[in-house]
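**Student:** One structure, as structure tokens, below. Some questions next.
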Amino acid sequence: EAGVAQSPRYKIIEKRQSVAFWCNPISGHATLYWYQQILGQGPKLLIQFQNNGVVDDSQLPKDRFSAERLKGVDSTLKIQPAKLEDSAVYLCASSLAIGRTYEQYFGPGTRLTVT
Amino acid sequence: GEDVEQSLFLSVREGDSSVINCTYTDSSSTYLYWYKQEPGAGLQLLTYIFSNMDMKQDQRLTVLLNKKDKHLSLRIADTQTGDSAIYFCAESTGNNNDMRFGAGTRLTVKP
């Protein structure tokens, strides 16, 4: 079974630029999560999708971050404009259904450096 | 908000047992988890325990949960150099089982 795929793996941008990350979840997984992991900290949930609907985006800085999952499969996370404090690893995860966090699988992450 | 806390570092010798500790504050936690993260990789779920259990054992891993003290531990028996990684404790609650992670414990295994 293929795992959660993310691209790019690394990205370096200057502050005030825009960036987008892509995630392809495990086939058949209805729930998709985006996490932000700042160096030295645990992952923090940014947004959770159930199919193509948003379940929880309470921790997403909506003035600069946006995410979509148009067809209920792949998802993109965008930052516009980026700030220095956005430097982090952005992790995508998926699970079969909402609430089944104990079956959540993580991708390798995208490491973003904002200079 | 609710917190999950872990010590940051642990160093053991190969063949010894490792015990990684975690405390949490949310008394309504439903599940508690241990994840492993190796350099440059995503998080790998090692094991999880439902909040009405006291202990769970899976090969070299033993999870102990003291719900009264809100304390979770992970014991790795016969620790190997390949166990060197960062270990994250996490808890979830609610209908969505939204997860909250600790900052991670870096385990170093010396030969």
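**Student:** Which residues, counting only those in the stretch A:91-115, are at positive phi and under 11 Å from the mean Cα position of the chain (by Cα)?
**Tutor:** A:Gly109
**Student:** Which residue out of A:Ser94, A:Ser75 is farther than 24 Å from B:Ser29 by Cα and small (Gly, Ala, Ser)?
**Tutor:** A:Ser75
**Student:** Are there any pairs with C-beta distances below 6 angstrom linking a residue in the stretch A:42-54 that is within 12 Å of chain B (Cβ to nearest Cβ) to a residue that is among the β-branched types (Val, Ile, Thr) and surrounded by 23 or more Cβ atoms within 10 Å (Cβ to Cβ), with the two at least 6 apart or on different chains, and if so which?
**Tutor:** A:Gln50/A:Thr31
**Student:** What's the total number of residues in the stretch A:33-78 that are crowded, with 17+ Cβ neighbours inside 10 Å and hydroxyl-bearing (Ser, Thr, Tyr)?
**Tutor:** So the count comes out to 3.
**Student:** Six or more apart or on different chains, Cβ atoms under 7 Å: show the pairs whose first residue is in the stretch B:37-60 and facing chain A (nearest Cβ under 9 Å) and whose second is charged (D, E, K, R).
**Tutor:** The qualifying pairs are B:Gln44/B:Lys36.
**Student:** Can you give me the ranges of the strands (runs of 3 or more DSSP E) entirely in chain B with at least 3 residues that are modelled with pLDDT of 95 or more and loosely packed, with under 13 Cβ neighbours inside 10 Å?
**Tutor:** The strands (runs of 3 or more DSSP E) meeting that bar are B:9-13.
**Student:** In this structure, does B:Asp83 turn out to be under 27 Å from B:Arg13 (Cα atoms), away from every other protein chain (no Cβ under 14 Å) and touching a Gly at 6+ places or on another chain (Cβ under 8 Å)?
**Tutor:** The answer is no for B:Asp83.
**Student:** Here is a further query. Scan the stretch B:87-107 and report the pairs whose first residue is without any contact (Cβ under 8 Å) to a residue 24 or more places away in the chain and facing chain A (nearest Cβ under 7 Å) and whose second residue is part of a strand (DSSP E or B) and of a type outside the set (Gly, Ala, Ser), with Cβ atoms within less than 7 Å and a gap of 6+ or a chain change.
**Tutor:** B:Asn96/A:Gln48; B:Asn96/A:Val55; B:Asn96/A:Asp56; B:Asp98/A:Leu45; B:Asp98/A:Asp56
Each row is one residue, and each column tells you yes or no for (1) surrounded by fewer than 16 Cβ atoms within 10 Å (Cβ to Cβ); (2) among the basic types (Lys, Arg); (3) under 11 Å from the mean Cα position of the chain (by Cα).
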residue	(1), (2), (3)
A:Phe21	no, no, yes
A:Ala30	no, no, no
A:Gln80	yes, no, no
A:Val89	no, no, yes
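**Student:** Restricting to the stretch B:1-36, give me the number of residues that are among the basic types (Lys, Arg) and either without any contact (Cβ under 8 Å) to a residue 12 or more places away in the chain or within 21 Å of B:Lys56 (Cβ to Cβ) (or both).
**Tutor:** Matching residues across the stretch B:1-36 total 1.
**Student:** Same structure, new question: Of all residues being assigned to a strand (DSSP E or B) and more than 8 Å from every other protein chain (Cβ to nearest Cβ) in the stretch A:94-115, which is surrounded by the fewest Cβ atoms within 10 Å (Cβ to Cβ)? Just the residue, please.
**Tutor:** Selected residue: A:Thr113.
The values are calculated or read from the model by the stated rules, or taken from the named source; none is laboratory data. Computed from a prediction, not measured in an experiment: that's the story for all the values here. Note that we place each Cβ from the backbone using ideal geometry, even for glycine, and neighbour counts take in every protein chain shown.
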